[in-house]
1. Restricting attention to region 1-40, and to residues there that are under 20 Å from Leu81 (Cα atoms) and basic (Lys, Arg), which single residue is nearest to the chain's Cα centre (by Cα)?
2. Within region 66-87, can one find any residue that is among the small types (Gly, Ala, Ser) and either open to solvent by less than 40 Å² (accessible area, probe 1.4 Å) or on the phi > 0 side of the Ramachandran plot (or both)?
3. Report whether or not Glu54 is acidic (Asp, Glu) and surrounded by 12 or more Cβ atoms within 10 Å (Cβ to Cβ).
4. Looking at region 22-40 only, could you name the residues that are surrounded by fewer than 17 Cβ atoms within 10 Å (Cβ to Cβ) and more than 15 Å from Asn66 (Cβ to Cβ)?
5. Write out, first by first residue and then by second, each pair whose Cβ atoms fall under 9 Å of each other, whose residues are 6+ apart or on separate chains, and whose first residue, in region 76-94, is under 14 Å from Glu54 (Cα atoms) while the second is part of a helix (DSSP H, G or I).
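The values are calculated or read from the model by the stated rules, or taken from the named source; none is laboratory data. None of these values were measured; they are calculated from a predicted model. Reconstructed Cβ throughout: ideal geometry from the backbone, glycine too, with neighbour counts over all protein chains shown. Side chains included, ligands, DNA and RNA excluded: accessible areas come from the protein's heavy atoms. Shrake-Rupley method; radii C 1.70, N 1.55, O 1.52, S 1.80 Å.
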Amino acid sequence: MITIVAKNLIKQNKIEEFKSLAEKLINESRKEKGNISYNLYQDANNSKVLSFIEEWESQEVINIHNQSIHFTTIVPQFADLKESQPEINLYKKL
């Protein structure tokens, strides 16, 4: 299993737009074979920090996810909503 944590710093006036797009991405990603969980979290101390936390069965299914229609159409739309590049980390369970 691989867990992805994708931390995003969102422009203050774009948070709701980001959440709306994220909801579409989450709903479609949860339907994918190999997805265990896919959620969005908002930092309790900084509302501009939103992080996707995803669990996948393997790197192979992540690669397929990254090429999916919903991923390749929604993720580029996030660019104008962010203050900086996301921090993306992949973790393997020990």
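1. Only one residue fits best here, namely Lys7.
2. The answer is yes, given that some residue of region 66-87 is among the small types (Gly, Ala, Ser) and either open to solvent by less than 40 Å² (accessible area, probe 1.4 Å) or on the phi > 0 side of the Ramachandran plot (or both).
3. yes
4. Result: Glu23, Lys24, Asn27, Arg30, Lys31, Ile36, Ser37, Asn39.
5. Short answer, once both residue conditions are applied: Leu90/Gln59; Leu90/Ile62.
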